[in-house]
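Inspection log for the structure reproduced underneath, given as structure tokens.
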Amino acid sequence: MTLPFLPCLAEAAKIPDLRPPESSLAPTLWERGGGLTGFCLLLGLILALGMWNWYHRRGRYRSRVAAVDVAREALRGLVSVPEDGILAGQAGRVLRVYLTAALPTLPSVELTADEIALALPKSAPWLGEALLRAVTDFLRECDRRKYGWEPVPQAPGAKLVARAADLVERVESARAAEVLRVPPVLSPVPNSKEGR
């Protein structure tokens, strides 16, 4: 028995003819010039890293002002301020900042008066015992006045500021004398060939 609609289905199920094949794909960037492309990318990366490094390491314009000049100017501005705990704290801070900037062997962190008393003889033994004691006594006195442990007369701060300025000048003159001091003469190294 044949079904009358089967030939119709056979016609419908027939696969259409395929279109002619397209040309092959164009070569990719890597296929056309892989070595040159890789070289250019590597060169661009190196240039970008170099520019980033240059930008982040370049020196900012900074004027070189001596630490003693900064300390003198700061103390000059404190002369007319009434002598109180605030002035004592500022004068002590000026001296601490000066010491940290002028003595590169002193730790550059914020130090208390007791820490400075321990660090100064190690980092600047050439200051001498009297000057070391005067600096640490002044810083301790400033701390006592700053924190209200000692009564402070309400007079112009010329006396306290003058002491701080005197200490700055004494440390600076001792530092300049140490810089100008002639290093000891070294004994000549014996020639190893002479002993043979």
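For this structure, a couple of remarks:
- Region 147-165, subset modelled with pLDDT of 85 or more and under 16 Å from ARG96 (Cβ atoms), residue surrounded by the fewest Cβ atoms within 10 Å (Cβ to Cβ): ARG163
- Filter pass, VAL79 being of a type outside the set (D, E, K, R) and touching an Asp or Glu at 6+ places or on another chain (Cβ under 6 Å): no
- Residue in region 68-84 that is at negative phi, modelled with pLDDT of 85 or more and of a type in the set (Lys, Arg) present: yes
- In region 24-52, the residues that are in contact (Cβ under 8 Å) with a residue 12 or more places away in the chain form no Cβ pair under 7 Å with any partner that is surrounded by 10 or more Cβ atoms within 10 Å (Cβ to Cβ) and not in a helix (DSSP H, G or I), whether six or more places apart or across chains.
The values are calculated or read from the model by the stated rules, or taken from the named source; none is laboratory data. Treat the numbers as computed from the prediction; the structure is a model and nothing was measured. As a convention, Cβ positions derive from the backbone with ideal geometry for all residues, glycine included, and neighbour counts pool all protein chains shown.
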